[in-house]
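Asks: Here it is, the structure, as structure tokens.
The values are calculated or read from the model by the stated rules, or taken from the named source; none is laboratory data. Predicted, not measured: the structure shown is a model, and the values here were computed from it. Cβ coordinates were reconstructed from backbone atoms using ideal geometry, including for glycine residues, and neighbour counts include every protein chain displayed.
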Amino acid sequence: MARVPYLEKTDLAEADQDLLNRPIWLFKALVNSPKAARAFSGLGGYIRYGSKLDPRLRELAILQVGWLARAPYEWSHHVKLGFDFGVTEADIRALIDDTDGKSTTLDPLARMVLQGAREMTADGAMAEATFRSLQESLGNEQVVDLTLTIAFYNAVVRVLGTLQIDVEPDYMPYLEKFPLPA
């Protein structure tokens, strides 16, 4: 159960009701602080709609963070969103295998994105060789966008965990199909 109430549009000032145009439970909790929710949504919106980073690679990076953090909300939401942006069931299974050091059929760039996400999540930064490889493949703009994406979602999983945001029933099937390890 969440540590703060899930608010509805009617609980908010009219100027803040747009913050719940997508009424997921994370946003319903964040609007307890409307200015913080708006700032949070600004960077999240850029990552999803403004970045030139390939959406499949973006979602794989986010999924890697969710998997490592054992974050059921993040994982379930981005399994669903990943499907909308070109991630396949085979990609998800390969992400799990790649994380465990098993061989996969993922392309080299996808594997490098996952490695970068693992390094940033575990070590706080990408290793020099990983960063340079991604920079060579993606260019400066997209490697910065990837770095911001991974960093942002590392923050998101900490917000989710601390506020104890519940997984909505509509997202539970994704957790059942691709369960997080204990």
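Asks: Anything in the range 25-37 that is farther than 15 Å from Gln164 by Cβ and not in a helix (DSSP H, G or I)? List them, or say none.
Replies: Answer for the range 25-37, where residues must be farther than 15 Å from Gln164 by Cβ and not in a helix (DSSP H, G or I): Val31, Ser33.
Asks: Can you say whether Ser76 is in contact with an Asp or Glu (Cβ under 8 Å, 6 or more places away or on another chain), of a type in the set (Gly, Ala, Ser) and either touching a residue at least 60 places away in the same chain (Cβ under 8 Å) or closer than 19 Å to Gln164 by Cα (or both), as far as the supplied structure shows?
Replies: Considered against the rule, which asks whether it is in contact with an Asp or Glu (Cβ under 8 Å, 6 or more places away or on another chain), of a type in the set (Gly, Ala, Ser) and either touching a residue at least 60 places away in the same chain (Cβ under 8 Å) or closer than 19 Å to Gln164 by Cα (or both), Ser76 comes out as no.
Asks: Still on this model: State all residues of the range 79-92 that are crowded, with 17+ Cβ neighbours inside 10 Å, touching a residue at least 24 places away in the same chain (Cβ under 8 Å) and under 26 Å from Leu19 (Cβ atoms); if no residue qualifies, say none.
Replies: The answer is Val79, Gly82.
Asks: Which of the residues that make up the range 1-41 are farther than 20 Å from Phe152 by Cβ and either among the charged types (D, E, K, R) or modelled with pLDDT under 95 (or both)?
Replies: Met1, Arg3, Glu8, Lys9, Asp11, Glu14, Asp16, Asp18
Asks: Moving on. Among the residues of the range 1-23, is any on the phi < 0 side of the Ramachandran plot, in a helix (DSSP H, G or I) and either among the aromatic types (Phe, Trp, Tyr) or in contact (Cβ under 8 Å) with a residue 24 or more places away in the chain (or both)?
Replies: No.
Asks: Sticking with this one: Say whether the condition of being out of contact with any strand residue (DSSP E or B) (no Cβ under 7 Å at 6 or more places or on another chain) and over 29 Å from Ile24 (Cα atoms) is met by at least one residue in the range 90-98.
Replies: yes
Asks: Could you list, ordered by first residue, the pairs with Cβ atoms under 7 Å in which the first is in the range 137-159 and free of Cβ contacts under 8 Å to residues at least 24 places away in the same chain and the second is in a helix (DSSP H, G or I) and surrounded by fewer than 18 Cβ atoms within 10 Å (Cβ to Cβ), at least 6 apart or interchain?
Replies: Val143/Gln135
Asks: Part of a helix (DSSP H, G or I), among the charged types (D, E, K, R), within 18 Å of the chain's Cα centre (by Cα) and surrounded by fewer than 17 Cβ atoms within 10 Å (Cβ to Cβ): is that true of Arg58 in this structure?
Replies: So Arg58 fails the test.
Asks: Restricted to the range 96-141, and to residues that are charged (D, E, K, R) and in a loop (DSSP other than H, G, I, E, B), which residue is surrounded by the most Cβ atoms within 10 Å (Cβ to Cβ)?
Replies: Looking at residues that are charged (D, E, K, R) and in a loop (DSSP other than H, G, I, E, B), I get Asp107.
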